[in-house]
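Trainee: Structure below; questions to follow.
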Amino acid sequence: NIFENGYQNPSKANLAELEIARICTDAILNNDDELLYKHLTPHLVQYMPKEVYNIVRKDTLVPLGSFVSIEHITVDERYSNRLYSMVRYSKLGLKTTFIFHEGKIDGLWLGYYDAAERG
């Protein structure tokens, strides 16, 4: 289970993983799939080829509106290998979920959030 994987101490957030999440958030926003893919596990690269990622990225970002700001990156309260990047746009927010395994991203989801979810 990539959500658990022995990471159940949120007080021990890995600073390297926080930095990778920041770098990869920038890569997603700037459409830099080369940089993003350097931080993915081989398993995720195989599961999510660049062509698929680029289609999903484009479809996800279309309804957001114009970029406002990167709000924050937080660690999940229960699993410290699960990080969330919150980026504000004019219409909706972009919530990216990163799941880490051995210092690399092994799970990546793009989703939305609204004003009620901002923390």
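The values are calculated or read from the model by the stated rules, or taken from the named source; none is laboratory data. Here the structure is a predicted model, which means the values were calculated and not measured. FYI the Cβ positions are ideal-geometry reconstructions off the backbone, even for glycines, and counts take in every protein chain you see. Side chains are part of the model used for accessible areas, which takes the heavy atoms of the whole protein and leaves out ligands, DNA and RNA. Shrake-Rupley method; radii C 1.70, N 1.55, O 1.52, S 1.80 Å.
Trainee: Given the structure, is Asp114 at pLDDT 95 or above and of a type outside the set (Val, Ile, Thr)?
Mentor: Criteria not met by Asp114.
Trainee: Say whether the condition of being more than 17 Å from Arg22 (Cβ to Cβ) and either open to solvent by 50 Å² or more (accessible area, probe 1.4 Å) or among the acidic types (Asp, Glu) (or both) is met by at least one residue in the stretch 81-90.
Mentor: yes
Trainee: Does the stretch 22-65 hold any residues that are at pLDDT 95 or above and touching a Ser or Thr at 6+ places or on another chain (Cβ under 7 Å), and which are they?
Mentor: Within the stretch 22-65, Thr25, Ile28 qualify.
Trainee: With respect to Leu61, is the statement that it is outside any loop (DSSP other than H, G, I, E, B) and more than 13 Å from the chain's Cα centre (by Cα) true?
Mentor: Judged against the criteria, Leu61 is a match.
Trainee: Quick check, is Leu110 under 9 Å from the mean Cα position of the chain (by Cα) and surrounded by 19 or more Cβ atoms within 10 Å (Cβ to Cβ)?
Mentor: No: the conditions fail for Leu110.
Trainee: What are the residues in the stretch 37-66 that are open to solvent by 30 Å² or more (accessible area, probe 1.4 Å), in contact with a helix residue (DSSP H, G or I) (Cβ under 7 Å, 6 or more places away or on another chain) and of a type outside the set (Lys, Arg), if any?
Mentor: Matches in the stretch 37-66: His39, Val45, Asn54.
Trainee: Quick check on the stretch 64-119: of everything there that is among the hydroxyl-bearing types (Ser, Thr, Tyr) and part of a loop (DSSP other than H, G, I, E, B), which residue is farthest from Leu36 (Cα to Cα)?
Mentor: My answer is Ser90.
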